[in-house]
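Everything on this sheet refers to the single structure shown next.
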C-alpha cells in the first residue's frame, strides 16, 4: 500500500503542468497562466499597444549650435561672453508656452535641462531656442515637432547641420 501511495503521488506531481508553458506574453510576463502586461500594453497576450494619455519631455539636450549668428557675428559680441540660453515650447503658434531656466555662459556642450514638460498626445508643438542678453532675446532656432504620432520614440531629435537638439521622451498611461 505504501508503494502504491508513493507511486500515486509521484504520478500526480509528474502530470501537473506549468500553466505558463504555452503562454506567450509578448510585452509582459506570465503569472499562473495569465499575462501581466508591461505599462503601455494590453490584450490577452500583451500585444496591443496603448496610446499614451500624456507625453513628457524629461530632458532637453543641446549638442550643437553655431558659434555665430546669421549675420556672422558672435552671439554675445558686446560682452565677449558665452551664450545665455533659454528655450520655450508652445502648443500651436499663438500660445505662450513653457519656458526653461536660463543657462548662463553656455559654451561647453552638451547643454542639458532636466525637465518634466507635459505635452498632450497627438498635438503639434513649437520649440524655440533664444540667446538672452539683458533686455534682449534673440531667437536662434525654432522648429515644429509632434508630441506623439502613433510610434513611441525614446527621443525626438532635431538636426539641421548647425543645431543638434534632442528631447528625451517618456509616456504616461491611464
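The values are calculated or read from the model by the stated rules, or taken from the named source; none is laboratory data. No experiment lies behind these values; they were computed from the predicted model shown. Every residue, glycine among them, receives a Cβ derived from its backbone with ideal geometry; neighbour counts consider all protein chains shown.
For segment 46-64, what are the residues that are without any contact (Cβ under 8 Å) to a residue 60 or more places away in the chain and in contact with a strand residue (DSSP E or B) (Cβ under 6 Å, 6 or more places away or on another chain)? Even if it seems obvious, please write down each step before you answer.
Of all residues in segment 46-64, those without any contact (Cβ under 8 Å) to a residue 60 or more places away in the chain come to 46-48.
46, 48 - these are the residues of segment 46-64 that are without any contact (Cβ under 8 Å) to a residue 60 or more places away in the chain and in contact with a strand residue (DSSP E or B) (Cβ under 6 Å, 6 or more places away or on another chain).
Got a sec? Which strands (runs of 3 or more DSSP E) wholly within segment 11-89 have at least 2 residues that are more than 28 Å from residue 169 (Cβ to Cβ) and at pLDDT 90 or above? Show your work before the answer.
Working: elements: 28-31, 34-37, 54-64.
Answer list for segment 11-89: 28-31.
Could you list, in sequence order, the residues of segment 121-133 that are in contact with a strand residue (DSSP E or B) (Cβ under 7 Å, 6 or more places away or on another chain) and surrounded by fewer than 16 Cβ atoms within 10 Å (Cβ to Cβ)?
We begin by selecting, within segment 121-133, every residue in contact with a strand residue (DSSP E or B) (Cβ under 7 Å, 6 or more places away or on another chain); these are 121, 123-132.
Correct list: 123, 124.
When you go through 92, 97 one by one, which is the residue that is modelled with pLDDT under 85 and surrounded by 14 or more Cβ atoms within 10 Å (Cβ to Cβ)? Even if it seems obvious, please write down each step before you answer.
Working: 92 fails: surrounded by 14 or more Cβ atoms within 10 Å (Cβ to Cβ).
It is 97.
Hey, among 153, 139, which residue is modelled with pLDDT of 90 or more and closer than 24 Å to residue 51 by Cα? Please lay out each step first, then the result.
Numbers: 139 fails: closer than 24 Å to residue 51 by Cα.
Being modelled with pLDDT of 90 or more and closer than 24 Å to residue 51 by Cα holds for just one of 153, 139, which is 153.
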